[in-house]
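Written below as C-alpha cells is the structure these notes are about.
The values are calculated or read from the model by the stated rules, or taken from the named source; none is laboratory data. Note that the structure is predicted; figures quoted are calculated from it, not measured. Quick reminder, even Gly has a Cβ in these numbers, built from the backbone with ideal geometry, and neighbours come from all protein chains shown. These area figures cover heavy atoms from the full protein model, side chains too; ligands, DNA and RNA do not enter into them. Shrake-Rupley method; radii C 1.70, N 1.55, O 1.52, S 1.80 Å.
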Amino acid sequence: MGLIVEDVTADADVPAETAVVVIGGGIVGTSTALFLARKGVPVVLCEKGHIAGEQSSRNWGWIITCGRDDREIPISILSARLWRGMPELVEADIGYRATGIARLYDSDAPIAVAEAWIRRAAPQGLDARMLSGAEVATLFPGATRPFKGGLFASGDAVAEPQRAAPAIARAAQRGGAVILTNCAVRALDTEAGRVSGVWTERGRIKADAVVLAGGAWSRLFCDSLDVRLSQLLVQASVMRTAPLAGGPLPAAVTQHYSFRRRADGGYTIGDPFNTLAPITPSSFRFLRDFTPMLRMSWRRLRPTAGRFMTELRDARRQPPEAASAYERTRVNDPGPDQRFIDEARRRLVERFPIFGTVAVEQSWAGLLDVTPDAIPVISSVPAIPGFHIGTGFSGHGFTLGPGAGHVLADLATGSRPAVDVTPFSITRFSDGSRPDPQVGF
C-alpha cells in the first residue's frame with residue numbers, strides 16, 4: 001500500500017444542489033475546489049475513496065519546471081508560483097522546500113537537447129541553467145564517476161504528497177467547499193444536452209458545472225458519456241528509505257533513477273522512465289494515437305496483462321441506481337514491481353555509494369494517467385456544455401496540480417483562464433492538431 005495520508009474529516013451531509021461538482025480528491029481536484037471556494041463559488045468535491053488515496057500521495061513529490069514540454073511551460077510557471085504561496089494559503093506545513101531539481105546527463109545528446117530547451121524557455125522567465133560536470137559534482141558530491149553535465153533550476157521545489165492534497169482540501173472546506181469522501185459519482189446528469197448535476201451513490205446533486213479530475217478513472221467516466229478521451233495507464237514503482245545523513249539536498253533525475261530528500265530526512269527513490277504498461281482493450285482502441293510515444297519509449301515499457309479483465313468488467317455500463325466500478329475499487333492500490341525498484345537502487349548505489357548504507361523502509365506503486373503526447377487534458381467538453389476535464393497529467397500532476405486547479409476553476413465559472421489552454425484541448429486527439437511528445441532529456 002502507499003504511504004499513510006493525512007486525514008481529512010469529510011462533511012456528513014450531501015447537498016441537494018451546488019454551483020460546481022468536482023469529481024476526484026487528488027491534487028488537481030482539491031486545488032480546483034480550493035480556487036472555486038476562494039472565488040466564493042459553491043462547490044462540492046466527491047471522492048470515491050479518501051483524499052489523495054491514489055497517485056496524488058504516491059508520486060515523487062517534485063515541483064519541477066526544468067525540462068517541461070514547451071506547451072506546459074506557462075502553466076508550470078503559474079503552478080510554481082501557487083506552490084510557493086501554498087503553505088500560507090492553506091495554513092499548513094506541506095513540506096514545501098525550494099531545494100532545486102536537476103536533470104543529470106552522461107552524454108552529449110541530451111545536453112544538446114537541454115541547451116535548446118533553455119533557449120526557448122528562458123524568455124518566458126524560467127531560471128533554469130546548464131551545469132558543467134564540475135558544478136554537478138559540487139551539488140551532488142560522492143559520485144563514483146562524474147556526470148557530463150546537467151539541467152538545473154534552483155527555484156524548483158519539493159513537497160510532501162501525503163500532506164499536500166489533504167491540506168488543500170481542508171483549506172477548501174474552511175472556505176466553504178463541501179468535501180465528501182466514500183461518495184462515488186456514478187453518472188453525469190444532463191438536461192437538454194448540458195450538465196444539470198451528478199448522480200452519486202448517496203443521491204443526486206444538482207449543479208451547473210462539473211469538473212472531472214479523476215486521474216486513472218477519468219477515461220472510464222468519459223466512456224460512459226461517449227466522450228473520446230485518449231488516455232491509458234502506466235504503473236510506476238517507488239521506494240522510501242530511512243533518514244540518511246550527508247545525502248544530497250537537491251532532487252535529481254537521471255536516465256535510470258531519481259531521488260529526492262523528504263522532510264523526514266529519508267529519500268524517495270525510483271525510476272520514472274521504467275514502468276509497467278498494462279495491456280487492456282483500450283490499448284488496441286488507442287494504438288494509433290499512442291504509436292509515436294511507443295516508438296520513443298518502448299524500451300522502457302514492460303507490458304503486462306494484469307488489468308485486461310478488470311477493464312472489461314469495469315466497462316459494463318450500469319444505471320445510476322446500481323453500484324459502480326468506483327465503489328467496487330475505492331482505491332487503486334497495485335503492488336510494486338520489485339525488479340524496477342531493485343534495479344533503480346542498484347544503479348543509484350553504484351553511482352552514489354552513500355545510499356548503500358541506508359535501509360529501504362517501504363515500497364509502493366501507483367497508476368499514472370498518460371496521454372499520447374504526454375501533456376494533460378485541461379479542457380471544456382464541447383459536446384456537453386458545463387462539463388470540464390483535468391486529467392492525463394502523464395506523471396506531471398503534482399507539479400501542475402495547483403495551476404490546473406486554478407484554470408479549471410476559471411473554466412467552470414466562465415472566466416478567462418489564467419493561461420492559454422488551447423494546447424490541452426480534448427479535441428486535439430481527433431482533429432489532427434496534436435504534436436508528437438517531447439520526452440527523453
How many residues of region 340-369 are assigned to a strand (DSSP E or B) and touching a helix residue (DSSP H, G or I) at 6+ places or on another chain (Cβ under 8 Å)? The answer is 8
Do you know which residues across region 289-326 are over 30 Å from G203 (Cβ atoms) and hydroxyl-bearing (S, T, Y)?
T291, S297, T304
Only one of G95, G85, G125, G100 is within 20 Å of the chain's Cα centre (by Cα) and surrounded by fewer than 13 Cβ atoms within 10 Å (Cβ to Cβ). Can you tell me which?
G85
Matching entry among I111, I51, I23 (being at pLDDT 95 or above, over 19 Å from T268 (Cβ atoms) and touching a Cys at 6+ places or on another chain (Cβ under 6 Å))
I23
Scope region 104-122; condition under 22 Å from R81 (Cα atoms), out of contact with any helix residue (DSSP H, G or I) (no Cβ under 7 Å at 6 or more places or on another chain) and open to solvent by 20 Å² or more (accessible area, probe 1.4 Å); matching residues:
I118, R119, A122
Right, A80: touching an Asp or Glu at 6+ places or on another chain (Cβ under 8 Å), free of Cβ contacts under 8 Å to residues at least 60 places away in the same chain and open to solvent by less than 20 Å² (accessible area, probe 1.4 Å) or not?
no
Does I389 satisfy being under 21 Å from E72 (Cα atoms) and not in a helix (DSSP H, G or I)?
yes
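Among the candidates P372, P334, P376, single out the residue that is under 18 Å from T310 (Cα atoms), surrounded by 15 or more Cβ atoms within 10 Å (Cβ to Cβ) and touching a strand residue (DSSP E or B) at 6+ places or on another chain (Cβ under 9 Å).
On inspection, the qualifying residue turns out to be P334.
Please go through region 23-64 and give me each residue that is of a type in the set (A, V, I, L, M), open to solvent by less than 10 Å² (accessible area, probe 1.4 Å) and farther than 17 Å from M86 by Cβ, ordered by number. Reasoning before the result, please.
As a first pass, look at region 23-64 and keep what is of a type in the set (A, V, I, L, M): 23, 27-28, 33-34, 36-37, 41, 43-45, 51-52, 63-64.
Right, trim to open to solvent by less than 10 Å² (accessible area, probe 1.4 Å) and you get 27, 33-34, 36, 43-45, 51-52, 63-64.
V43, V44, L45, listed by residue number.
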Of the residues in region 337-369 that are more than 26 Å from M293 (Cα to Cα) and of a type in the set (S, T, N, Q), the one that is most open to solvent (accessible area, probe 1.4 Å) is T357
Which listed residue is touching a residue at least 60 places away in the same chain (Cβ under 8 Å) and buried (at least 22 other Cβ atoms within 10 Å of the Cβ), from A143, A172, A187
A172
With S132, S79 as the choices, which residue is hydroxyl-bearing (S, T, Y), out of contact with any strand residue (DSSP E or B) (no Cβ under 7 Å at 6 or more places or on another chain) and at pLDDT 95 or above?
S79
Long-range neighbours under 6 Å by Cβ, at least six apart or interchain, first residue without any contact (Cβ under 8 Å) to a residue 24 or more places away in the chain within region 85-112, second part of a loop (DSSP other than H, G, I, E, B):
P87/I94; P87/Y96
I'd like to know if region 229-243 contains one or more residues that are open to solvent by 10 Å² or more (accessible area, probe 1.4 Å), within 20 Å of the chain's Cα centre (by Cα), under 17 Å from F387 (Cα atoms) and of a type in the set (A, V, I, L, M, F, W, C).
no
Regarding region 7-19, can at least one residue be identified that is touching an Asp or Glu at 6+ places or on another chain (Cβ under 9 Å), among the hydrophobic types (A, V, I, L, M, F, W, C) and not in a loop (DSSP other than H, G, I, E, B)?
no
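Output the residues belonging to region 197-222 that are assigned to a strand (DSSP E or B) and either acidic (D, E) or over 16 Å from V43 (Cβ atoms) (or both).
W199, G203, R204
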